[in-house]
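Okay, so here's the structure we're looking at.
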Amino acid sequence: MTASARPSPPVLSHVLAVDDDPAIREAIGDYLARNDFRVTVVPDGRSMQAVLKREIVDLVILDVRLEAEDGMAIARRLRENSAISIIMLTGQTEEADRVLGLEFGADDYVTKPFSPRELLARIRAVLRRRQPEVRQGRPEGVRAYRFDGWELNLNTRKLRTREGEIVPLSNGEFSLLVVFLGASNRVLSRDQLLDLSRLHGDDVYNRSVNTQILRLRRKLTRDPRQPAYIRTERGAGYVFSLPVEIVY
């Protein structure tokens, strides 16, 4: 099998666990990592916010009874600002916490002490349920695009390769790639690319569209003469020819 035909690794769902008990953080991190998740563990809400600013997270596991903070208040703020999936960790007898957590927008809860297998099953179930919502979500709520093992983070404006390396993008390249990923498998004319890319606040000029697309191809594939993602439709424009996953 040639390098170009080798299947790309999938983008692992990223779970962020927030708990002030180091033993629980270690148990969650180890178990989920062994079951094909990317995992980040932090002790508090401030660390959680720092991760959310720089990374795309698919699901947050949040302890209700953090020592220095109110987990419910964190959950409420998180839901007000994001559609990210939330699973609350609560005490076995704290029914009021479970009810409040669900009212504040949590997708599910798990009681302590918990079975790692049960937590894993609930995480998978929540992520499965969210998939139809993601496909029907509003474009302005998009946090990231994923395609063929790559990830474009719209908050940090960073493009990450299959291997996890960061590919630098100019403002124009970023805007054009956002347009392509938001309209995958649709032919876009040069005029459409110009109009849509300007919505992202960057200057993309008519004379530079072809040049910036060439640069994008060089960054996305080893041989820009055989573009794997952005194809030229002669006389019509360009098309991003792979399926794209949207992260809200």
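The length gained by stretching the chain between Gln49 and Leu12 to full extension, at 0.36 nm per residue less their Cα-Cα distance, is 11.3 nm. Calculated FRET efficiency, Arg117 to Ala33, Cβ-Cβ distance, R0 = 22 Å: about 0.90 to the nearest 0.05. Residues whose amide H comes within less than 5 Å of that of Thr111, counting only those at least five positions distant or on another chain, are Thr90 (H built at 1.01 Å from N in the peptide plane).
Ordered from highest to lowest accessible area with the whole protein assembly present and a 1.4 Å probe, Val244, Val41 read as Val41, Val244.
The values are calculated or read from the model by the stated rules, or taken from the named source; none is laboratory data. Because the structure is predicted, anything quoted here is derived from the model rather than measured. So basically every Cβ, Gly included, is an ideal-geometry build from the backbone, and we count neighbours across all protein chains shown. These area figures cover heavy atoms from the full protein model, side chains too; ligands, DNA and RNA do not enter into them. Shrake-Rupley method; radii C 1.70, N 1.55, O 1.52, S 1.80 Å.
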